[in-house]
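Peer 1: Below is one structure. I have some questions about it.
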């Protein structure tokens, strides 16, 4: 009897061990990423959607390959891989909350790849509530301030900016209405917090930023294998980049230390958007576009939200919550890690079965 009871309890132990292993090792894992994506005038809540020039491959990854269209927005971390020349402009729909930005991401955004991106809007070319990282690609972000009053206008508005991997960024902001403060890059240092809050980091890369009220507004920064070309004697000062006498610099140029000729000058490396583009040329590269009609044209601003802070302090610009648009049906893909869970669970089941058979022989 004791032997039979021991044999039965051994089976219970084996089943329990198998169940624990399935829970610990095989449970599905969900990758961090965007909860929703707004692109081409529609909102998607599941990855697997695609359209002309774009594909949302998984929650945290968007691919752009020759995309030309209206604004792109995302709720959550997003990595965008750029191939070819890509252009985003503010959406013309008056009821869309991101209509004054070319691209808006409510978390961290990484732009990478071999391609380029031109982003234009009335208030900002690119808005990121967290840190914007430009890794090895070309980015041209511009805002003209059309219809904007009592707010910041900038090519890039973000919590922090990192340019690395020989990335090339041009950012410009302008505006003439009352209360407008125009910057090339405006780093707020708000809710994302952490070491990147309000900080600019340039590592062996190019950055050209210009604005009426300052090229770069930030709380601080660091240059690694890079240097200020303009202003002469440039440095990080209180509230932004200043020149040798402490005055705010309206135009800031940063380039790698081993570059002998300034970016944009004869013989120097081509930087996207450095100076006016020739008719029919892509502002990101200066090269002829396949279709000149696809080049961006800044449109009048729709009457929607604005970023309404007054000074560069450790707060995030106030922005209202965006109403969700009517969801667009898209095919669903398994969450990242589901296939691994299936494989591991099957292996564990096979091992458990083998152990049980061996136990019966005992």
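The values are calculated or read from the model by the stated rules, or taken from the named source; none is laboratory data. The structure displayed is predicted, hence computed values, not measured ones. Here the Cβ positions follow ideal geometry from the backbone for every residue, glycine too, while neighbour counts run over all protein chains shown.
Peer 1: Name the residue, out of 140, 208, that is under 25 Å from residue 85 (Cβ atoms), outside any loop (DSSP other than H, G, I, E, B) and within 15 Å of the chain's Cα centre (by Cα).
Peer 2: The conditions single out 140.
Peer 1: Would you confirm whether or not segment 77-89 contains a residue that is modelled with pLDDT under 95, assigned by TED's automatic domain parsing to the domain that holds residue 154 and part of a loop (DSSP other than H, G, I, E, B)?
Peer 2: No.
Peer 1: Within segment 144-162, count every residue that is touching a strand residue (DSSP E or B) at 6+ places or on another chain (Cβ under 7 Å) and in contact (Cβ under 8 Å) with a residue 60 or more places away in the chain.
Peer 2: 4
Peer 1: While we're looking at this one, here's another question. So for segment 108-120 (the condition being under 12 Å from the mean Cα position of the chain (by Cα), at pLDDT 95 or above and assigned to a loop (DSSP other than H, G, I, E, B)), does at least one residue qualify?
Peer 2: Yes, the conditions are met somewhere in segment 108-120.
Peer 1: If I go through segment 230-242 residue by residue, how many of them are part of a loop (DSSP other than H, G, I, E, B), in contact with a strand residue (DSSP E or B) (Cβ under 8 Å, 6 or more places away or on another chain) and at pLDDT 90 or above?
Peer 2: Of the residues in that region, 2 qualify.
Peer 1: Could you list all residues from segment 31-76 that are farther than 21 Å from residue 125 by Cβ and in a loop (DSSP other than H, G, I, E, B)?
Peer 2: The answer is 31, 32, 33, 35, 45, 46, 47, 48, 49, 52, 59, 60.
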